[in-house]
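So the structure is just underneath, and the comments pick up after that.
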Amino acid sequence: MANATDRLNRPLGVLRLSLTARCNLACPYCLPDGVEPPGLLTATQRLQVVAAAVALGAHSLRLTGGEPLLHSGLEELIAAVQPLRAQSKEGPGLRQIALTSNGTLLSAKRARALRAAGLDRITLSLDGTTGAAVAGMAGLADASAGERTLAAVLAAIEHARAAGFDPAVGALKLNAVIQRGRNHDQLLPLAALCRERGLELRLIEYMDVGNRNGWSRAAVLSAAEMVEQLGAIWPLEPLGRDNNSTASRWSYRDGRGKIAVVASVSQPFCGDCNRLRVTADGIAYTCLFASPGSGTDLRPWLKTDSDPIELEQALAGLWKHRNDRYSEERQQGGRGDRNHAEMAYLGG
């Protein structure tokens, strides 16, 4: 089947597949569910969804949650999608398989297993450099719990590096959500940590995802402010934003690495967004800020006797009718008050 484009001529390029709605942390900007929804997809059904998305032009698969390392079949799924790899760098098929994780469960053994299964990239998350800051941003009881979590994530970084996820080629990065009034004082320490460890730091604006996080525009530290603060200490050179990317990137003039900023609130990038999200129970959403209940249930096309072409046709129809551009509309003042499906459910 030919590559799918939506009503704004945006091609399908990235499938974000959630493997679980559960998480072992309770970050206040996400607030995940403590239990799984009913009717989770089977391993076979997940593989069918990936194959259908690739047939429609998806070239990147990002495995998410909740916390995807809680999913026992993670490595098996990564191995199972390897036959969908592109035959050439620019050819049709999967060119990249990535994982987003909070890192607390990433042991040295698990990192090696993920690499052996065929995972290309890992992005870990850390929102502070002290026990108190980590506890506040991860929903933990106290600073001592934060210290343990911080130590686990720092160890996970080195486990991933040792397993072959090389940050020098973009195979290992660190995400940080920066929220004014909660952890904005961690911006510079996080940047210093990443400079020391040779990691690209991806700074994410506090977003109005879901309905649980009490989002307020006043709590958004804009990407421009973050870049200004960092550049005052370590001068930066702009690298721009690649087509279909969520992040604008900058390099340190002293050669000590790069940063990226995800500015979905202050500088929306809806115009070339190419992401399809599928939840752990098989509901497809065409926007991170989708309304609750607006997704398409793929399970009718995932029965044992279903023709794979029917699933492709269902996804193609969904994508061809897509006209989402919520962040741009919000910036223009018209879409800031609607309810959203929860981010932990959609896979971020």
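The values are calculated or read from the model by the stated rules, or taken from the named source; none is laboratory data. Just so it is clear, the structure is predicted and the values come from calculations on it, not from any experiment. With ideal geometry, Cβ positions are generated from the backbone for all residues, glycine too; neighbour counts draw on all protein chains shown. Each accessible area value is taken on the protein alone, full model and side chains, heavy atoms only, with ligands, DNA and RNA left out. Shrake-Rupley method; radii C 1.70, N 1.55, O 1.52, S 1.80 Å.
Side notes on the structure shown:
- Each residue, D297 and S72, gets one label point 7 Å from its Cα in the Cβ direction; the gap between the two is 2.7 nm.
- Approximate spin-label separation A232-Q96, in nm, with each point projected 7 Å along Cα-to-Cβ: 3.2
- Heavy atoms of R197 accessible to a 1.4 Å probe, total area in Å² rounded to 10: 70
- Across the stretch 10-27, coupling constants 3J(HN,Hα) worked out from phi with the 6.51/-1.76/1.60 Karplus curve, θ = phi - 60°, read 9, x, 6, x, 10, 9, 9, 10, 7, 9, 7, 8, 7, 8, 8, 10, 9, 4 Hz, and Gly and Pro carry x.
- The mean sequence distance of close C-alpha pairs (under 8 Å, at least 6 residues apart), as a share of the length of the chain, puts its relative contact order at 21 percent.
- Rolling a 1.4 Å probe across all protein chains gives H184 an accessible area of roughly 90 Å².
- Estimated FRET transfer efficiency when R0 is 35 angstrom, pair R253-A162 (beta carbons, to 0.05): 0.70
- Each residue of the stretch 142-150 was assigned a 3J(HN,Hα) from its phi angle through the Karplus expression (A = 6.51, B = -1.76, C = 1.60, θ = phi - 60°), giving 7, 5, 5, 5, x, 5, 5, 5, 4 Hz with x at Gly and Pro.
- Whole-angstrom gap from the stretch 223-284 to the stretch 105-150, using each part's C-alpha centre: 21
- Peptides 94-104, 240-250 ranked from most to least packed give 94-104, 240-250, packing being the mean of other C-beta atoms within 10 angstrom over each peptide's residues.
- Tail weight of P(r) past 37 Å, computed on alpha-carbon pairs of the chain, percent: 13
- Karplus (6.51, -1.76, 1.60) ³J(HN,Hα), θ = phi - 60°, over the stretch 311-319, in Hz, Gly and Pro reported as x: 5, 4, 5, 5, 5, 4, x, 4, 5
- Estimated FRET transfer efficiency (R7, A113; beta-carbon r; R0 45 Å; 0.05): 0.60
- Partners for K258 among aspartates and glutamates (Cα-Cα distance below 13 Å; same-chain residues under 8 apart left out): E196, E200, E237
- Straight-line cross-link reach from K303 at under 12 Å between alpha-carbon atoms covers no aspartates and glutamates, not counting any fewer than eight positions away in the same chain.
- With R₀ fixed at 45 Å, the C-beta to C-beta distance from I309 to R180 puts the FRET efficiency at about 0.35.
- Ranking E237, E36, E205 by solvent-accessible area of protein heavy atoms (1.4 Å probe, all protein chains present), from largest to smallest, gives E237, E36, E205.
- Heavy-atom accessible area for K258, with the other protein chains in place and a 1.4 Å probe, reaches approximately 80 Å².
- By accessible area with a 1.4 Å probe, ligands and nucleic acids excluded, highest first: order of F269, F165: F269, F165
- Helical runs assigned H by DSSP (4 residues or longer) give the chain a calculated mean residue ellipticity at 222 nm of -9000 deg cm²/dmol, each run adding -39500 (n - 2.57) before division by the residue total.
- Gain on full stretching of the segment that runs from L188 to V169 - 0.36 nm per residue minus C-alpha separation: 4.5 nm
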